[in-house]
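Read through the structure below, which is laid out as structure tokens, and then see the notes.
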Amino acid sequence: MAAAAAAAEEHTVPLLKKQYYENCPGCKVDEQKELKRGLPIREFLSIWTVVLCTVLPISSLFPYLYFMIRDFNIAEKEEDIGYYAGYVGSSFMFGRALTSVFWGLVADRYGRKPLILLGTSSVVIFNTIFGLSVNFWMAVITRFLLGCLNGLLGPIKAYASEMFRAEHQALGLSTISTAWGIGLIIGPALGGFLAQPAEKYPTVVSKDSLFGRFPYLLPSLAISVFAVGVTIASFWLPETLHNHKENRAACDDSYDALETASGEEKKQPANLLRNWPLMSSIMVYCIFSLHDMAYAEIFSLWAVSPRKLGGLGYSTQNVGEVLAVSGFGLLVFQLALYPYAERLLGPVMVCRIAGVLSIPLLASYPFLSKLSGFSLIVLLNCASVLKNLLSVSIVTGLFMLQNNAVEQHQRGAANGIAMTAMSLFKAAGPAGGGSLDD
């Protein structure tokens with residue numbers, strides 16, 4: 001009898017899986033993963049562009065935010081500009097913190113793809129409006145609304161963990177952190193090169209033109225145009241969520257009968273808040289996010305601040321050049337070196353080493369303002385490249401730990417919790433960093 005039951009179970013389970021596969025896009029993705037043994041370049045590029053689309057609006061304003069607040073004439077003293085700049089920067093994260101869990105639950109119920117399309121579409125609309133801001137409160141409100149509707153970073157992490165085979169998962173999740181890190185570099189570079197075009201390129205852009213009257217529209221519009229392309233391309237993304245709507249009752253009855261025959265009880269959904277591996281990785285992620293966001297804003301504000309206030313006296317174009325160099329170094333490291341480091345040491349050890357090395361590196365920054373000329377350029381670029389390499393290594397390891405701590409049907413919610421907590425900490429980062437930079 002036991003042998004017969006085992007034989008029946010052996011034949012019944014594949015039959016149920018086949019029935020699920022025929023009506024489920026997520027099962028089709030699973031089959032394609034098994035058939036495709038090579039490196040999935042197209043999937044990497046798809047995820048890379050979606051993440052880049054969502055991170056560019058976060059970081060692109062930092063090089064020109066100082067000048068934007070100055071033009072709003074809301075700060076009574078020059079030293080107060082950083083204070084107001086912090087609130088513009090944190091409004092996006094505050095909005096995202098309010099809605100991330102909700103979008104995670106929506107992604108677990110309706111799929112990852114709808115959230116990706118909503119997030120990229122919100123960039124098109126609200127990032128363009130932000131470039132047209134004429135006062136402080138318009139800038140704050142548009143950034144807040146963009147954060148509320150741009151809830152795709154949590155679902156895209158779940159999407160990446162489901163899209164790739166096990167041997168490519170480290171590289172797949174590192175694609176997110178690579179795109180995030182490069183976005184934190186390309187965004188400020190775009191902002192630095194394209195903001196105030198009438199002042200930088202007077203022979204091309206006149207002060208009476210649209211970009212002359214709205215000096216911060218061009219970088220926002222460039223990102224929005226990119227987001228339009230990403231939104232259109234995302235319509236062809238496959239759905240990875242297993243959502244077996246057809247024959248659900250029949251399939252559930254079959255599984256219940258099978259579980260009864262084998263003496264197993266149906267598992268109840270685990271409480272995510274009691275999942276210690278998940279919650280501990282989220283705690284570390286939040287603390288590091290606070291530090292990373294504060295660094296992203298302080299670096300740009302510090303670089304463009306006058307020498308008399310302890311800054312470097314850089315122009316936005318100079319800041320863009322430093323960040324462009326960092327972006328190239330980050331791309332090479334993440335694609336060529338990080339997967340080997342992760343396989344050799346594991347994600348936990350990589351996070352620990354990168355965190356320890358970040359401490360003396362950040363402590364060296366105040367001394368850079370004492371330098372000038374070629375030595376300043378070389379050491380500043382080296383410090384910026386190394387800082388970004390360490391940051392992305394930590395983020396990638398934490399992404400892997402979070403997504404491996406839960407099952408697929410809870411990944412959207414788990415990443416939503418992570419995004420809510422992280423966004424609250426990141427909202428404090430720009431506000432606190434801007435105040436400290438004063």
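The values are calculated or read from the model by the stated rules, or taken from the named source; none is laboratory data. Being a predicted model, the structure only gives us computed values, none of them experimental. Glycine gets a Cβ as well: all are built from the backbone with ideal geometry, and neighbour counts include every protein chain shown. For the accessible areas, the whole protein counts, side chains as well, though only heavy atoms, and no ligand, DNA or RNA atoms are used. Shrake-Rupley method; radii C 1.70, N 1.55, O 1.52, S 1.80 Å.
What spacing in nm lies between the two simple spin-label points modelled at Leu98 and Glu78, each 7 Å away from Cα in the Cβ direction?
A separation of 3.6 nm, rounded to one decimal place.
Give the average over all directions of the projected area of the C-alpha convex hull of the stretch 326-416, one decimal, in nm².
For the stretch 326-416, averaging the hull's shadow over all directions gives 7.3 nm².
Let me know the whole percent of all Cα-Cα pairs from the stretch 286-341 that are separated by more than 13 Å.
69 percent
Mind ranking 336-343, 220-227 by how tightly packed they are, going by the mean number of other C-beta atoms within 10 angstrom, highest first?
Top of the packing list down: 220-227, 336-343.
Each residue of the stretch 362-369 in order: what ³J(HN,Hα) in whole Hz does its phi give by Karplus 6.51 cos²θ - 1.76 cosθ + 1.60, θ = phi - 60°, with x for Gly and Pro?
Ordered by residue, 3J(HN,Hα) equals 5, 5, 7, 4, x, 6, 5, 5 Hz.
If you take all C-alpha pairs in the stretch 32-189, what percent of them are over 28 Å apart?
Counting every Cα pair in the stretch 32-189, those more than 28 Å apart make up 28 percent.
Separation between the Ser364 and Val348 pseudo-spin-labels, each 7 Å from Cα along Cα→Cβ, expressed in nm?
In this crude label model, Ser364 to Val348 measures out at 3.0 nm.
In nm, give the distance between the simple-model label positions of Tyr340 and Met138, each being 7 Å from the Cα along the Cα-to-Cβ direction.
Modelled inter-label distance: 5.2 nm.
How long is the gain from Lys207 to Ser372 if the chain were fully straight, where each residue apart is worth 0.36 nm and the alpha carbon distance is subtracted?
Once the chain is fully extended between Lys207 and Ser372, it gains 56.1 nm.
Using the heavy atoms of the protein chains and a 1.4 angstrom probe, tell me the accessible area per residue for the stretch 304-359 in square angstrom.
That works out to 53 Å² for each residue.
Rounded, prolate or oblate, given the Cα gyration tensor of the stretch 134-212, with a/c below 1.5 counting as rounded?
Here the stretch 134-212 falls in the oblate category.
At a 1.4 Å probe, what is the % contribution of carbon and sulfur to the accessible area of the stretch 139-219?
69 percent
Taking R0 as 51 Å, what FRET efficiency do you get between Asp71 and Val356 from their Cβ-Cβ distance, rounded to the nearest 0.05?
Working from the Cβ atoms, E equals 0.75.
Roughly speaking, to the nearest percent, how much of the stretch 316-424's 1.4 Å accessible area is carbon and sulfur?
75 percent
Going by accessible area, probe 1.4 Å, with all protein chains left in place, what is the ranking of Phe328, Phe425, largest first?
Greatest to least solvent exposure: Phe328, Phe425.
Taking +1 at the Cβ of each Lys and Arg and -1 at the Cβ of each Asp and Glu, which of Ile359, Leu290, Thr396 sits farthest along the dipole of the stretch 285-438 towards its positive end, judged by Cα position relative to the Cα centre?
Ile359
Suppose R0 equals 25 Å; then what is the FRET efficiency for Ile41 and Asn404 from their Cβ-Cβ distance, rounded to the nearest 0.05?
After rounding, the FRET efficiency stands at 0.60.
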